[in-house]
Amino acid sequence: MSQVIGYERVGDIAVLAAQNPPVNALGMDVRRGLLAGIERAEAEGARAVLIYGQGRTYFAGADIREFGKPPQDPFLPALCDRIEASPLLVVSSLHGTALGGGLEVALSSHYRIAVPSAKLGLPEVNLGILPGAGGTQRLPRVAGVQAALDMITTGRHIPAPEALEMGVLDRVQDGDPRQIGLDYVAELLAAGASRRPVCDMPAPAPIDFDAAYEAVLKKGRGQLSPAVAVRAIQAACEAESFAAGQARERELFMDLMASDQRKGLIHAFFSERAVSKLPELAGIEPRALQQIGVIGGGTMGAGIATSALLAGLPVTLVEMSQDAAHTARDRIAANLSGAVKRGKLSQNAHDDILGNRLALATDYDALRSADLVIEAVFEDMEVKKQVFTHLDAVCKDGAVLATNTSYLDINEIAQATGRPGDVIGLHFFSPAHVMKLLEIVVADDSAPDVVATGFALGKRLRKVSVRAGVCDGFIGNRILSAYRACADHMVLDGASPYQIDKALTDFGFAMGPFAVSDLAGLDIGWATRKRKRAAGLPEGARDSTYADRLCEAGHFGQKTGKGYYSYTSGQRGGVPNPEVIPLIEADRVAQGITPRVFSEDEIVRRYMVAMVNEAARVVGEGIARRPLDVDMVLLYGYGFPRFWGGPLKWADIQGLPDILSDIREWSKEDACFWQPAPLLEELVAEGRDFESLNTA
């Protein structure tokens, strides 16, 4: 027997125990062990088989170490069919998680029992594929089409009590998984229960699968795997036989395996796990994190405080006045109430946080015991330097002093203190208690244990933490400035903001750049443009004024009810603001520009190539250590479509030579903006791609 599958006999019952920590992943050895265990039980004359997992879980899914490698016998679909076809009574006892192939193994069993805390799911669509071992054929037979559509197209994890109601489980019972499983098998044998293969159950009644397909495709903003999974479920209803439905499932599975979206989603999966693993921090212990201070209680500061409070950290928030402090508390309370409504926080925990773990102050002295202080005040260098001068005077030795600046030079901020080694950037994204991205900006003098503390905080806050170097905008906002400039150039040349927004949401972005500007506030971009103009634009750089005219009229986006779009209270989204196009046309006339027609494909291509080119500069300069760091920043902070894996994975899929060729062609019309990044030229010359730098 395989060492990863234990075998024992308890009377007439053969017990197969998964022993493949940490999550009993269904790797080749586990699959072989299960097959051998079934065959041995049959050969030895057992009457039933119990399958369960030792340790913390049942089978939690595939072995990620096998991703991208040729599959090896026994293949999971054949194993599931073999389990289901056994003449013995086969029962699975579930605890922890039964995900992906794990749930497919359970569905191939004849009966299923679980502890109440168990979670079940088929999350394959999140990797750009669909359940390929009978999941799309068996689940609709036991749970019905609508429940199967929900589980499979969303990939959500279902708690055991809900799975029981759906018919996925036969019983939910407290206890040790092995013991409750043995008791259940004994009960079934005593009652003379027969085998109950799901494949022999009648096919479920069909629904309007064309409508379901279109709805799922629209909801996924272009992601294919959930919609293709609808067609696999359709086969469960309409195929001539269970075997024919399985064949259709396998055909669709293989189509998705060969797709670019699968490549992108697998890249995102592995990159998320790799992004916070930095060799430079190996063996470096973070500093203590018991008490957090936050300076500034606006939208960002309140969001940061909320995030820390939800992570169990006591927070002292400092504002300029008692009124401002109470307003900040109200913002935090509203954030926490939202968590209660979503079922993420109990009312008792909500009350405890506001009553016992949040302290308000108007004096920096309240921060004397803080282990880490995050300033979230106005984006002005002099203001921030004053804050850090105060912090330097009152904070204890060893306290980490962090700035939430989006653009400003952290090295300059650090020099306002006598301890620049304690200073670091922690760039949160708004709303900070919701957005998963945290840029950890390492200044020239930031001590290694301070950097480690930043990553420890990010982990505790459940953020995707990315290391960034110091430059104007760090990783994300620096790249944003380039592709947003590209969008502004296209507007001057003939595209409308609304055409650009539509093209990019059709591509898969959560929002277009002009809708995003309205959400963030047009005053932010206005301040950035004025700052850059004051510093001096590069010779030949293009500029536009139409957005400035909007701001001068007091239109800052959603918060004022009007920006690129007009907003009505109580209505979701906005409609095009009729004042915008005349401002654009006046700008074109002033610059002597004759507008031309842009296709949606050209809009997407220029926007993406501008993003990739600036990202290549960011990596080439060491602001981002690896291409995957850029990809994670854009995925988690800027609404980039996950199924492309990030802009640099997209670039690899498109082909770097073609991207470089486009840049060189467009440089003939605008040599200032379209300058190839040296790293991009280097990679093309060497026949390499960005992925080669992730493992270098």
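Comparing Cα centroids, segment 292-364 and segment 90-136 end up 39 angstrom apart. Of all DSSP beta bridges confined to the chain, the antiparallel ones make up roughly 25%.
Under 5 Å between amide hydrogens, built in the peptide plane, is the criterion, and for residue 48 it picks out 14, 89 among residues at least 5 positions away or on other chains. Here's the list of lysines a cross-link from residue 69 could span, going by alpha-carbon distance under 17 Å and ignoring same-chain residues fewer than 8 apart: 263.
Among the GluC sites (Glu not before Pro) found in segment 1-47, those both in a DSSP coil and sparsely packed, with 11 or fewer other Cβ atoms within 10 Å of their Cβ, are 44.
Taking θ as phi - 60° and the Karplus parameters 6.51, -1.76 and 1.60, the scalar couplings of segment 513-528 work out to x, 7, 5, 4, 4, 4, 5, 6, x, 5, 5, 5, x, 4, 4, 5 Hz in sequence order, x denoting glycine and proline.
For residue 29 and residue 78, the FRET efficiency from 1/(1 + (r/R0)^6), where r spans their Cβ atoms and R0 equals 25 Å, is about 0.95. Summarising the label geometry, the points placed 7 Å from Cα in the beta-carbon direction at residue 219 and residue 69 lie 3.5 nm from one another.
Once the chain from residue 255 to residue 542 is taken as fully extended at 0.36 nm per residue, the excess over their C-alpha distance is 98.9 nm. Per-residue ellipticity at 222 nm, computed for the chain from helices alone with -39500 (n - 2.57) per DSSP H run of at least four residues, works out to -15000 deg cm²/dmol. One chain, two ends: residue 54 and residue 506. Fully extended at 0.36 nm per residue, the span grows by 158.1 nm beyond their Cα-Cα distance. With a Förster radius of 45 Å applied to the beta-carbon distance between residue 653 and residue 351, the computed FRET efficiency rounds to 0.35. Taking 0.36 nm per residue of separation and subtracting the current Cα-Cα distance, fully stretching the chain between residue 200 and residue 533 would add 112.7 nm. Taken along the Cα-to-beta-carbon direction at a fixed 7 Å, the label points for residue 42 and residue 412 span 7.5 nm.
State which entries of 219/463; 385/530; 277/649; 277/436; 384/530 exceed 23 angstrom in Cα-Cα distance in the structure shown. In this structure, 219/463 exceed 23 Å between Cα atoms. Loop-resident chymotrypsin sites (Phe, Trp or Tyr not before Pro) (DSSP state other than H, G, I, E or B) in segment 31-81 with no more than 13 further Cβ atoms inside 10 Å of their Cβ: 67. Averaging the sequence gap over all C-alpha pairs within less than 8 Å and six or more residues apart, then dividing by the number of residues, gives segment 255-359 a relative contact order of 22 percent. When you filter the chymotrypsin sites (Phe, Trp or Tyr not before Pro) in segment 363-445 for DSSP loop state and at most 13 other Cβ atoms inside 10 Å of their Cβ, you are left with 378.
Only Lys, Arg, Asp and Glu carry charge here, each on its Cβ (+1 for the first two, -1 for the last two); on that basis the chain has a dipole of about 960 debye about its Cα centre. Dipole size of segment 5-258 about its Cα centre, with +1 on Lys/Arg Cβ and -1 on Asp/Glu Cβ: approximately 400 debye, rounded to the nearest 20. When the chain is described by a simple charge dipole with +1 on each Lys and Arg Cβ and -1 on each Asp and Glu Cβ, the residue from 508, 639, 325 located farthest towards its positive end is 325. Its Cα centre serving as origin, segment 170-212 has a Cβ charge dipole (Lys and Arg +1, Asp and Glu -1) of approximately 220 debye. Only one of the listed values, (i) 27; (ii) 33; (iii) 39, was derived from the coordinates as percent of Cα pairs over 44 Å apart; which label is it? Computed from these coordinates, percent of Cα pairs over 44 Å apart corresponds to label (ii). When 253, 690 are sorted by how many other C-beta atoms sit within 10 angstrom of their C-beta, beginning with the fewest, the order is 253, 690. Approximating the spin labels as points 7 Å out from Cα along Cα→Cβ, the residue 342-to-residue 321 distance works out to 3.3 nm.
Mean separation of Cα pairs under 8 Å and 6 or more residues apart, divided by the residue count, gives the chain a relative contact order of 9 percent.
For the peptides 451-457, 592-598, the ranking by mean Cβ contacts within 10 Å, running from highest to lowest, is 451-457, 592-598. Ranking 401, 348, 429 by how far each Cα lies toward the positive end of the dipole of segment 285-468 (charges on Cβ) leaves 348 at the top. Counting every other Cβ atom within 10 Å of each residue's Cβ, 344, 459 order from fewest to most as 344, 459. Calculated FRET efficiency, residue 397 to residue 362, Cβ-Cβ distance, R0 = 22 Å: about 0.35 to the nearest 0.05.
Quick note: the coordinates plus some simple rules give every number you see, no bench work behind them. In this text, all values refer to a predicted model and were calculated from it rather than measured experimentally. As a convention, Cβ positions derive from the backbone with ideal geometry for all residues, glycine included, and neighbour counts pool all protein chains shown.
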